[in-house]
Every structure is written in structure tokens, then in C-alpha cells.
Amino acid sequence: MERAVPAAALLLVVLFVLCFSALPLVAMVAQSLDGGLVAAGERYASVLANSATEIWNSCFSGAMAAVLATGLALAVSLCITFGAPRLRRPLQVAVLLSMASPPFVASLAYIQLFGKRGLVTHGLLGLSVSPYGWQGVVVMQALFFCALDVLLLTAVLSRIDPALMQAARGLGARPGRVLRTVVLPVAGPAILVCLLLTFIRSISDYGTPVVIGGAFNTVATQIYVQLVGYSDLSAVAVLNMVLLAVSGLVFFAQKRLDARTARLVEGTHGGRADAPAWRMAGPVSTALHVVAVTFGAFIVVLYLTVVRSAFVRGVGAGAPFTLENFEHLAAYDLAPLGRSLLYGILAAALATVLGAVAAYFTARKRVAGSRVLSFCLSMPYMLPGTCLGLGFILAFNGAWGVKLTGGALILVLVLATKQLAISADAFSSSMAQVSRELDMAARGLGAGEARMFRDVIWPNVREAAAVSLVNGFSSAMMSYGALLFLVAPSTKTAVVQLFDALSGGKYGNAAAVAVVLMAVTLVGDVLASRISSRAPRPGAPVPAGTGTEAPSADLGVAGPTTDKEAR
């Protein structure tokens, strides 16, 4: 019985990955090749030729958004890590605000501020200009995608040995030169990762171009038009294959760059353990702080604008105060909000349990096929949401003998699948900090594999569980792209309701839903963070008499990240 439990757990993870990570991708590839190679070749040529403008628009806006978002993230990360201590917390709060928000909030605020009756353009400047076009798409995507880049870069910068910068300063290097010759080369691979990730998230983003793109169409919007307008599954599959190919290249490039970053950061260590923290100074520091403070202030203004929009009727500086938007929410939008809460809790719990088991077997045990299993785990996270959603439709709409579409179960499954990679990564990072000698000690005392996981591994990875729950819940509450083609009227979620109101010009109703979503998500994040802070750290005695104690190193778990993909 003791040996059957680990085997059953591994089998459960493998079956889940095969059914809900691999099968949807196989179904989409098969759909794109429908009719044979000759017909598929003609279809690919026709679809790509007809979508050439949209492909160019996606590449152009993706590159612009990637450069802008990464530049902003680098400035904010440098100020958080090496800047004025009093600005660290406000900047972190601004980043948290942009993470714990629905995907269309920035676009909603953009229209309210810079639209034809905008508070800035019309109210302050007396202008009546159109807010729609590629400029708004690029700016809003950059602001919205910047938060995850900040987390990635801050994690890398905070691990650079401060003695290295102090040594450079001692040799006479100015602060600007220290940044240019010491800090940026170490962070270089991480910066490239941010550029790649932001690019793929931009080209797969559906909501922002639809809301404020106007006539500026992208591949993501073309996918929606082909599926909803023409029901052309084969053409949609071809367009998604384009996104899939780009995502695959980004995935492999990211893995290589992550490994290079780890080697570079590890190579900086070896200085004095008591080296004082290094702080930026000089004109470069001033410029970076101006950029970071401007970013933080703009984020705060955006979300204050959304809150204001929830309490007024209409748009413009003279819009009267009202509670009608919240009355409408209480009358019509509470059911979608309740579904979002339920789906978010279930998806987060499922992803956390499966992620812990997957990390144990792939990172701790390194069973045969671990690399293949890790790749299959990661692909749904890297894929655009519309791509994964289409795969679920093709795989589970009865064509292969299983029909799940139209119900709530498929929504929970796609949300859990999307977040499984983040959960597994969090647990893998924590398990890497737990000495393997503890495993041998537990086995020497007669503990089986299941009990060893329960008594040795689990007490040291509870913080990773909190990270997984926070990320899974927040992402599920805000996810849109993966659910776009899967929701039915009876399973509509709050973020889908928000988008419907926003696309219909009901900005007040959309703002009310956004405010409630942000409040619920922030409360959930705070509660999970408090639970995490009470979790046992390595160094606390391991329960159940394993006969030893855990190592005293802190957990190496990165902060929670969110899936701002194709929402």
C-alpha cells in the first residue's frame, strides 16, 4: 500500500498532462492539417497571405510593447533593489495593483482619461481626439505586462553579490559605469527573457486590441473573427499554429537564458558575506527614479480613474455621482462573480496539488521522462489563451468521444492546466533548498516514500503551496483568453461579463465589476500571504520523528506571477 500511493500519484499527473496539456495541442495540429498535406499546404498559404497585415501588426505592436515594458520594468526593478529605500514599498504596491486587476482595466482607464470626452484630453486640454489605434495598444500592453517583468528582474538583481558593486566603486567606477559594466551584464539574459515573454504575451493579447485598437487588427483579433464570424476552425487552427510556433521558440530560448542567468548570478558570489548593500547614485540614478516614480504614479492614476468611473454616470469631468453601476452589478452580475470565485478556488487547489506531485517526481526524484513531462507542463502556460481554449474545444467537444464543452468542469480544467507550470516551478524551487540527506535519513528510519513526502518534504514547501494558491486564484479570477471560446451563458465569469460591458460601451458597469474583482483578488492575496508568513520555514524541526532537522536556509521561492496572456 505504501508503494502504491506514489505510483498512483505519478500516474494521475501523467494522465492529467496527457489529457489536458498534450491532447488539446495534438487536436489543434490535426485540425490545421485537416484534408491531407496538399490541402493543408494550400490552407496555410491562403490563411497566412490573407492575414499578412494582421501578422505584421502583431509583430510591430509586440516588439514595441516588449521594448517599452522591459525598459520600464528594468527602471522599476533597479529602484526597488538599489534605489531609495523609502520608494521600495510604494513601487511594490504599484506593481501589485497592476497584477491584481482584470485584463481590460488599463484600457478602460485609458478611454476615460484620453478619449474624446476624456478627463485629460477634453477636461484639461480642451481637445477631442480619438483614443483608438496602435499607440494606445502598445502603451496599455506595456503597462499591463510590466509587472511580471519587474518580478523576474527584481529576483535576479537581488541575488547579485553587493560586494561586486562595492569593489567596482572602490576601483573608482562611477555609479553609472557600475550599472553598465557590472549590473546589466549579469542581468542581461533576464532582460532578454522579459523581452521574449512580453512579445509573446503581446501578440496573443486579444482584449486590448479589441477595446482600444480600433481599425488596428492583430492575429488574436483575427482568430476571434474567424471562429465567431465564420466558424472556420481550420483557419483558426492555422493562425494558432503561428502563435504556437513562436511560443515554442520563446520557450526554448527562455530555458537557455534562464540557465545562463543562474550561472552568471552564481558566479558573482564569493565576496564578503557582510558586504553592505549597494545604492545607486548620480544622474543615472535620478533618471531611473524619475521613470519609476512616473510609472507608479500613472498606475495609481489609472486605477483611481477606474474607481471613479464606477461611481459616476457617463464620462467626462462633469459626470454626476451615482450608485447605479453597483446596483446593476448586484442585480445582474453577482452570479458571474460567484462562479469566478468558485472556479478560481477549485483551479488553484487542483493546480497546487498536481504541481506539488509533479515537482516531486520531476525535480526531486527525476524519474524517467522528467524532461518530457516538464515540457508538457510548461507549454500550456507559454501558449496564448485563445490557442489553449481552441485546443480544448477540438479535444473535448465530442469529436474524440469526450464532451466537456458547455459545462463548468472544462473551465476549471483549463484554468488549472494553464497555471500548473507556475505551481510546479514554485515547488521545485522550494524542494531544491531541502537537503537530500533528509530523504536518506527518513528512509533509514523506515519511512516509505509517501510518508517521507508528508513528513520531510511537505513541511518545508508550505510557502510554495501558498504561492501556488495565490497565483492560481488570482490568475483564474482574471483569466479571459483561455475561456473566450469555452464559456456558455450559464458559466459566464465576472471577467467575461466585464469585457461584454466594456465592448458595449457600458463603462460604468464595467468599472463596477472591475472594482469588485480587484477587491476580491487583493483580499485573497493578502489572506494567502498571511498564511504563507505563518508557514514553517526550513530550520524548523521536521515533525513525525524523522530524527533530524531541516536545513536553515531560506526558501528560494519566487513571488507569485500572473498570467496576463491573451485576456
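The values are calculated or read from the model by the stated rules, or taken from the named source; none is laboratory data. Predicted, not measured: the structure shown is a model, and the values here were computed from it. Using ideal geometry, Cβ is built from the backbone for each residue, glycine included, and neighbour counts are taken over all protein chains shown.
Quick look at the numbers
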quantity	calculated
Residue in segment 99-111 that is free of Cβ contacts under 8 Å to residues at least 60 places away in the same chain and either surrounded by 24 or more Cβ atoms within 10 Å (Cβ to Cβ) or in the same structural domain as Ile191 (by TED's automatic domain parsing) (or both) present	no
Filter result (over 19 Å from Ala73 (Cβ atoms) and part of a helix (DSSP H, G or I)) within segment 164-181	Leu164, Met165, Gln166, Ala167, Ala168, Arg169, Gly170, Pro175, Gly176, Arg177, Val178, Thr181
From Tyr332, Tyr303, Tyr360, residue being assigned by TED's automatic domain parsing to the domain that holds Phe104, closer than 28 Å to Leu411 by Cβ and assigned to a helix (DSSP H, G or I)	Tyr303
Selection within segment 123-156 - of a type in the set (Gly, Ala, Ser), over 23 Å from the mean Cα position of the chain (by Cα) and under 14 Å from Phe216 (Cα atoms)	Ser130, Gly133
Every residue from segment 481-514 that is in contact (Cβ under 8 Å) with a residue 40 or more places away in the chain and within 13 Å of His328 (Cβ to Cβ)	Gln497, Leu498, Tyr507, Gly508, Asn509, Ala510, Ala511, Ala512, Val513
Hits in segment 142-185 - residues which are over 29 Å from Phe298 (Cβ atoms) and among the hydrophobic types (A, V, I, L, M, F, W, C)	Ala163, Leu164, Met165, Ala167, Ala168, Leu171, Ala173, Val182
Cross-chain or 6+ apart pairs with Cβ under 6 Å, segment 59-78 first and more than 17 Å from Gly133 (Cβ to Cβ), then crowded, with 22+ Cβ neighbours inside 10 Å and among the charged types (D, E, K, R)	Ala69/Asp149; Thr70/Asp149; Ala73/Asp149
In segment 273-296, residue modelled with the lowest pLDDT [restricted to those that are surrounded by 19 or more Cβ atoms within 10 Å (Cβ to Cβ) and closer than 21 Å to Arg159 by Cβ]	Trp278
Residue ID - nearest to Val496 (Cα to Cα), chosen from residues in segment 329-352 that are among the aliphatic types (A, V, I, L, M), over 19 Å from the mean Cα position of the chain (by Cα) and crowded, with 17+ Cβ neighbours inside 10 Å	Leu337
Criterion: surrounded by fewer than 18 Cβ atoms within 10 Å (Cβ to Cβ) and outside the structural domain of Tyr224 (by TED's automatic domain parsing) - qualifying residue of Leu373, Leu409	Leu409
Complete set of residues in segment 309-324 that are crowded, with 17+ Cβ neighbours inside 10 Å and either at pLDDT below 90 or more than 31 Å from the chain's Cα centre (by Cα) (or both)	Ser309, Ala310, Val312, Val315, Ala319
Those residues of segment 484-529 which are in a helix (DSSP H, G or I), at pLDDT 85 or above, aliphatic (A, V, I, L, M) and more than 18 Å from Thr305 (Cβ to Cβ), in sequence order	Ala494, Val495, Val496
